[in-house]
Amino acid sequence: MQHHEVHRRWERRIVSPAMILLLALPVGHALARCGGSPDSTARRSVSWAARTMGTYVRITMATDDSIAMSPEAGRALAVFHRVDSLMSNWTATSEVARINREAGGAPTRVQPEVGVVLEASLRLWRQSGGAFDITVEPLVRAWGFIGGPRRVPSDDEIRAALARVGAQRIHYDPPTRSLRFDDRGVSIDLGGIAKGYAVDVAAESLKAHGVKDALVDLSGNMVAIGSPSGATGWRIGIRDPRDRIPYLARLAITGEAISTSGQYEQFVARDGRTYGHIIDPRTGRPSEGLISVTVVSPSAMECDGWDTPLFVMGPLEAKRKAHELDHVAAVLIQPAAGGVDTMWVEETLRDRLILEPAARSFIQVRYF
Ligand code: AMP
Ligand code: MG
C-alpha cells in the first residue's frame, strides 16, 4: 500500500520541477528499470506522476534534459485528465454519466473519443462471446466497485442488476456518433478499457513530440517507447498477486503495450473469501478461475480491453482465446488452493519472460 501513499501527496499537482524525480521507487504493478550502462551517466530515467482516473499515472523518460522534456510530459499527463472527464464512472459530470442519464430516453450524440472506445467495446463484446460487456455497470455498482462502499450484494440485488445487463441493448452508429439504449435501465461502464485508451493517446502524444525513450504507466496499463540507456527494452515486472514478493517475473517490452489485471487491485473480503472487481456478466458475480491476467499487444486499449474478458473466461477458455488472437499474448495465473499456483505463459512470450528465482518455490510455469 506504500505506493498509494506516495502518490496521494501528488494529487492534482501535475508538472512542477519538484515532481521531477529519479525513478527510485518500485511503484504499482510494474517496475521500470534503467539498463544502467556505465558510460551513459548523463542520461537518467526521470518520472512525472499524477493522480488521475481513480488511480495514478507515471510517465518515465530516459533523457539527459529533463527540463526540456517537462512540457511533453505535461501534455501527456493532460490526456489522462481529459479522458477522465469524458469516461469516469465515479462522477456525475463525466460524458459517460451524461450518456447514462440520457441514452435510455432518446438517441444522443457522443464525443468522438467516447465513440472510439464504444466501438472497441462493442467489438470486444462480440469477440469475447459476451465476457467483456460495458453494460455490467449495474452489477459493478451493486458490488460497490462504482459508487461504493464495497459489499457483497444479496441474490435478489444481483438478479435485479443482471436483468439490466447485455450489450445487445446498446445501439451505436459510428458515422453519426449516435447512441441509444433500449431502455432507461441500461448503464455503461468503460472502466475495463478506458485506461488503456488513455495510455495509447498519451504515448502517441509523446511520440508526436519527438520523445524517443519513455514508459507510460497508468496503474499497470503501459506503453513502452524505445528503451532506457540502450537496453533491449523497458523491463516490466509482473506483480505477485499474493504479495509474497514484489514481482514474479520480468518481461522486456519495446514499441508495444502491456497490462495486468489482478484480483488484488480492488476487492471485497468477507467470510474468508475475496471477491474481485471483474464481474462475470452471465452470473453477476466476480470471476474466480484466475488471480492475474497480463496481456502484451501492440495497443494499450487492446491490452486493457482483453485483460478483463480473459479474467472472466477462466484458464481454459482464456488460453484458447489468447491463441486465437494474433495480436494478443497472455500470461495467466491460476490459483491452487494451498498449493503451487500455475503461471500459464503463451508460447510467443516464452523467450522473453524471466521468472524471479525467489518465485520458483511457489509458482510453476507452464507454456501454452
Ligand atoms: P481492469 O482495470 O481492466 O481490470 O477492469 C476492471 C474494471 O472493468 C472494473 O472495475 C469494472 O469497472 C469494469 N468491469 C468489470 N467487469 C467487467 C466486464 N465483465 N466487462 C467489462 N468491464 C468490466
Ligand atoms: Mg481491462
Handout entry: Hits in region 150-205 (condition: outside any strand (DSSP E or B), basic (Lys, Arg) and surrounded by 17 or more Cβ atoms within 10 Å (Cβ to Cβ))
Key = Arg164, Arg177, Lys195
Fill in the blank from the handout: From the option list Gly255, Gly314, Gly262, single residue qualifying as of a type in the set (Gly, Ala, Ser), at pLDDT below 95 and outside the structural domain of Asn221 (by TED's automatic domain parsing) is Gly262
Exercise for the section: State whether one or more residues within region 265-279 are among the aliphatic types (A, V, I, L, M), more than 13 Å from ligand 1 (Cβ to nearest atom) and open to solvent by 60 Å² or more (accessible area, probe 1.4 Å). Expected result: yes
Handout entry: Flag if Gly226 is of a type outside the set (Ser, Thr, Tyr), open to solvent by 20 Å² or more (accessible area, probe 1.4 Å), away from ligand 2 (no atom under 15 Å from the Cβ) and touching a residue at least 60 places away in the same chain (Cβ under 8 Å)
Key = yes
Exercise for the section: Would you check which residues across region 301-323 are under 26 Å from Pro246 (Cβ atoms) and within 11 Å of ligand 1 (Cβ to nearest atom) and list them? Expected result: Cys303, Asp304, Trp306, Asp307, Thr308, Leu310, Phe311
Practice task
Within region 179-201, identify whether any single residue is without any contact (Cβ under 8 Å) to a residue 12 or more places away in the chain, on the phi < 0 side of the Ramachandran plot and out of contact with any helix residue (DSSP H, G or I) (no Cβ under 8 Å at 6 or more places or on another chain), and answer yes or no.
Solution key: no
Exercise for the section: From the list Val345, Val340, pick out the single residue that is in the same structural domain as Leu248 (by TED's automatic domain parsing), among the aliphatic types (A, V, I, L, M), modelled with pLDDT under 95 and away from ligand 2 (no atom under 16 Å from the Cβ). Expected result: Val340
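The values are calculated or read from the model by the stated rules, or taken from the named source; none is laboratory data. Since this is a predicted model, take the numbers as computed values, not measurements. Please note: Cβ atoms are built from the backbone with ideal geometry, for glycine as well, and neighbour counts cover all protein chains shown. Note: accessible area is taken over every heavy atom of the protein model, side chains too, but ligands, DNA and RNA are not part of it. Shrake-Rupley method; radii C 1.70, N 1.55, O 1.52, S 1.80 Å.
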